[in-house]
1. Quick one: which residues, 5+ away or cross-chain, put their amide H under 5 Å from the amide H of Phe307? H built at 1.01 Å from N.
2. Whole-Hz ³J(HN,Hα) for each residue in the range 480-489, computed from phi via Karplus 6.51 cos²θ - 1.76 cosθ + 1.60 with θ = phi - 60°, x for glycine and proline: what do you get?
3. Order the peptides 84-91, 492-499, 576-583 from the highest to the lowest mean number of other Cβ atoms within 10 Å of their residues.
4. Just to confirm my numbers, what's the Cα centroid distance between the range 347-378 and the range 218-292 in Å?
5. Using a 1.4 angstrom probe, figure out how much accessible area the chain has per residue, in square angstrom, rounded to the nearest whole.
6. On C-alpha positions alone, give me the angle between the axis of helix 593-610 and the longest principal axis of the chain, in degrees, nearest 10.
7. For labels at Asp598 and Ile116 in the simple 7 Å Cα→Cβ model, what's the distance in nm?
8. Which of the listed residues, Asn469, Ser363, Asn86, is farthest toward the dipole's positive end in the chain, when Lys, Arg count +1 and Asp, Glu count -1 at the beta-carbon?
Amino acid sequence: MVEITDNKHQRLLSHAKFFEETSDLCYQIDTDGKIIEINKRVLKVLGYKKKELIGKPLISTIYDPSSQEKAKKLFEQWKETGRLRNEELRIKSKSGKIIDIELNADVVRDKQGKIIHSISIQHIITERKKDEQELKETANRLKLILQSTDEGVFGVDSENRCTFINKSAMKMLGYKSTEVLGKEPHRLWHYKHNDGSPYPLEQCGIYKALKTGIGSRIDNEVYWSKNGKPFPVEYSTYPILDNGVITGGVVTFTDITERKHIEEKNRQTTQDLALLNALNSAVNQGESLEKITTLLYKETKKIFDSFSATIYFISKDKNYLEMLHKPHRYFKELGIDKLIDTKIDKVRIRLDKDGVYRSILDSGSSWITNDPATIKRMMAECTDNKMFKRLIPVIYKALSIQSVISVPLISENTIFGLLDISRHRPFDRSDMERLSVIGEQITVILKRKEADKKLFHMATHDPLTDLSNRRVMDEALRRAVARAQRGTKSILIYLDMNHFKEINDLLGHVYGDQILIEVAKRIKGSLRSEDILARVGGDEFAVLMEHASLTKGQATAERINQTLCGINIPAGAGDIKLGCSSGIVLIDGQFKPETLLDRADRIMYKSKKHN
């Protein structure tokens, strides 16, 4: 660009050398707009001969039609002001080539100040215009890309003020561009954490990128939309560097609500499978139902942040739901023992006609409540203890139970129990649906446990008398010998019914079986609760008495004989009286377990022969 001053005008007039050396197109134009002088550069660029231009009107000859109207107005402006600066126009060559130029013009005056002519200089800016057009097209392409992408994109300057924002970002955030541009994005949608606690600007990833020049990607935060609702985002920050200087930054972000939902579902599924695997493992290891329900209580507390989780089983008379495990430790953990000065040995929920639990079971469907009054009613139904009932409001307030989910446990269209779970914050329907699925799996596990228990019972008990069988007695004797070797002695009593064969022959095997059932009942009634009684043969029984002496064993054998002699035998059997012969062995660790029954059996036969 050549800026022309009045002094320069004089130099141009007096020094034709300027015309010839400059790379710009130079003209002298009279007040009528006609060309009176040009430099060689004009001829070279436009392809004219000098005689084709001199005396011709500049505007209609040189300027492209698209610029002629503007050129006319500028010519009038020049005559009024005496100068033009940096005006962009288009000229055309003789061959029709369009050339972009930047026009500057000044006047040359005589001594009286009258305008003689103009000095007009046209600086070719075609390349610059081409570059500008390319930049504009690039910017438009980038704008189209930014506006068409599903990702939210916004930019900030070095002062963390928003410089641009795309449609996706505005849609997710609920803002208009006029509400965002020039303002700090952090104060609009990144000012607090998901829990509502403040999020200082200094901790913001965008702010750090502007300070350090290091980009980052974050996927564990939220943006807050204009309506005040948070949504989880994954965002990346990219600092903009110009010759090593941070001039701003670009942020791209995505609403990852659906992804977080899927991740949460997967996490829940993993937790639920871990719970069910733990319960299955407990069943496989032969754990008791009480231990299995205790395990359920502990695991659900971890998974659901629950206050309590209990399995109740319907009583045989179907009038109660019963907690299988004893409530002492449960109440102590919940702090109930500090609120009531009464020992509660068993939790039984009376299934009254108008009761909450009765209605749940009758519906056969999972049920949720966040209603305080209903929760208090449910607590009151858990006991008949009057003091406990009076203290329900106090206990409710102290425990701060906010929500309860109950899931009926159903097998073969029959409800056999209930999964009851509560916590300090509200459950929602998704929790209930999740627990319903868990309840179905727990039903399968409990039924398998019940089946395993039945199979185990069949494998370890006599089918006629329901006493332990020889397998159980052999195992018990091994343990007794091991204890005896550590100093704890036991007694083994071997019993054989007297005259049982005659009764069987005279009255038949069906009646003989009834006699054996009565014999088992009477022997069991003559023993301590800790003694082990097993049927080890047709009419042979064995009793293991731990921590007992020979004297104690002899007294027990005599008591058993006397009670068996009291069994009524029908007249058809003659004067036969049932009794038993016994053999007693002291278990002091000197004999191997597998020889003890044989030793006791031999002693018993000697006694029988003697009697």
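The values are calculated or read from the model by the stated rules, or taken from the named source; none is laboratory data. All values reported here derive from a predicted model rather than from experimental measurement. Note that each Cβ is placed from the backbone with ideal geometry, even for glycine, and that neighbours are counted across all protein chains shown. Just so you know, the surface numbers come from the protein's heavy atoms only, side chains and all, with ligands and any DNA or RNA stripped out. Shrake-Rupley method; radii C 1.70, N 1.55, O 1.52, S 1.80 Å.
1. Ser422, Arg423, His424
2. 5, 5, 4, 5, 4, 5, 9, x, 9, 8
3. For the peptides 84-91, 492-499, 576-583, the packing ranking is 492-499, 576-583, 84-91.
4. 35
5. 55
6. 20
7. Taking the two extended label points, one gets 14.9 nm.
8. Among Asn469, Ser363, Asn86, the one farthest towards the positive end of the dipole of the chain is Asn86.
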